[in-house]
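Visitor: One structure, as structure tokens, below. Some questions next.
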Amino acid sequence: MSTTGQRADAVRNRRLALEAATALLAEPGTTLTVETIAKKAGLGAATVVRAFGGKDALLDAAVSGLLEPVVQRARDLLDNTAAPEQALRTFLAELIAFQSAHHAINDQLSGLDLPATTALRAELVRVVKEMLTGARQNGAIRTDLDLTVTTTLIGETAYAIARTRPASQALTDAYLTVLMDGLQQPRGTTQASAASTTTHRDPAGPGATSPRTPRR
């Protein structure tokens, strides 16, 4: 086979393996191994390893490919929505829908080296914190909770809602209404007085990570 043909086969095999891994990530209860991915792709296990160098790199490519448009959507909402609290609510509704379809991802990533996915998750946290900061400045979100705590609370709550797979959009909206109402500034509390009592220690602990996106 010519060098050109070998390269074409390599590109094709990489695409097939990536498509198979991405499809399996949406199937709850599936254990992702090189063998299961290879079977789904119609390839040999050795071919899959050659295409990506190993399971970690393959899953990193698959998960980051799913997560990248989610992060871009968050950026777009932040840039193009007048009220940051509305951007936050819109994004959370879409994040819950994404997580409902892909929550099984979190069961597959323990102990893996996923640099691209990790970077995207960090960027998503940054954007959500920016939404929260704007909403706090507007007086729409309470300031008596530490920003990191609030971000963790939102991320973990959204993930918990997503795992229930709400039966309708109306139910998701109801969950979000309760969440957003709870984040409002307490009545009779000014933004300045609330800020003066804010604690800057994260009671969720040093391992807290939000918002909850594909991870273990």
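The values are calculated or read from the model by the stated rules, or taken from the named source; none is laboratory data. Please read these numbers as outputs of a predicted model, since none were measured by experiment. Neighbour counts are summed over all protein chains in view; Cβ atoms, including those assigned to glycine, are modelled from backbone coordinates with ideal geometry.
Visitor: Output the number of the condition that R126 fails; it satisfies all remaining conditions of (1) over 13 Å from the mean Cα position of the chain (by Cα); (2) basic (K, R); (3) surrounded by fewer than 20 Cβ atoms within 10 Å (Cβ to Cβ).
Guide: (1)
Visitor: What's the number of the only condition in (1) within 19 Å of G111 (Cα to Cα); (2) in contact with a Leu (Cβ under 7 Å, 6 or more places away or on another chain); (3) assigned to a helix (DSSP H, G or I) that E68 fails to meet?
Guide: Every condition holds for E68 apart from (1).
Visitor: While we're on this one: Answer with yes or no whether R136 is out of contact with any strand residue (DSSP E or B) (no Cβ under 7 Å at 6 or more places or on another chain), under 22 Å from D56 (Cβ atoms), among the charged types (D, E, K, R) and crowded, with 19+ Cβ neighbours inside 10 Å. Step through it out loud before you land on a result.
Guide: Details: out of contact with any strand residue (DSSP E or B) (no Cβ under 7 Å at 6 or more places or on another chain): yes; under 22 Å from D56 (Cβ atoms): no; among the charged types (D, E, K, R): yes; crowded, with 19+ Cβ neighbours inside 10 Å: yes.
Against the criterion (out of contact with any strand residue (DSSP E or B) (no Cβ under 7 Å at 6 or more places or on another chain), under 22 Å from D56 (Cβ atoms), among the charged types (D, E, K, R) and crowded, with 19+ Cβ neighbours inside 10 Å), R136 does not qualify.
Visitor: A further question on this structure: Which pairs do you get when a residue that is closer than 19 Å to V128 by Cβ and touching a residue at least 60 places away in the same chain (Cβ under 8 Å), found in segment 154-179, comes within reach of a residue that is of a type in the set (F, W, Y) and part of a helix (DSSP H, G or I), reach meaning Cβ atoms under 7 angstrom, with the pair 6+ apart or on two chains?
Guide: Close Cβ pairs satisfying both conditions: I161/Y175.
Visitor: Check S100 against each of (1) within 12 Å of the chain's Cα centre (by Cα); (2) at positive phi and name the one condition it does not meet.
Guide: Tallying (1) within 12 Å of the chain's Cα centre (by Cα); (2) at positive phi, S100 fails exactly one: (2).
Visitor: Among I141, I161, I154, which is the only one that is at pLDDT 90 or above, buried (at least 16 other Cβ atoms within 10 Å of the Cβ), outside the structural domain of P28 (by TED's automatic domain parsing) and touching a Phe, Trp or Tyr at 6+ places or on another chain (Cβ under 6 Å)?
Guide: Details: I141 fails: touching a Phe, Trp or Tyr at 6+ places or on another chain (Cβ under 6 Å); I154 fails: touching a Phe, Trp or Tyr at 6+ places or on another chain (Cβ under 6 Å).
It is I161.
Visitor: Would you point out which residue out of L66, L18 is assigned by TED's automatic domain parsing to the domain that holds T164, of a type in the set (A, V, I, L, M, F, W, C), surrounded by 19 or more Cβ atoms within 10 Å (Cβ to Cβ) and under 21 Å from P115 (Cα atoms)? Walk me through it before giving the result.
Guide: Working: L18 fails: assigned by TED's automatic domain parsing to the domain that holds T164.
Checking each option against the conditions leaves just L66.
Visitor: When you go through A57, A45 one by one, which is the residue that is modelled with pLDDT under 95 and either crowded, with 16+ Cβ neighbours inside 10 Å or not assigned by TED's automatic domain parsing to the domain that holds A17 (or both)?
Guide: Working: A45 fails: either crowded, with 16+ Cβ neighbours inside 10 Å or not assigned by TED's automatic domain parsing to the domain that holds A17 (or both).
Matching residue, one of A57, A45: A57.
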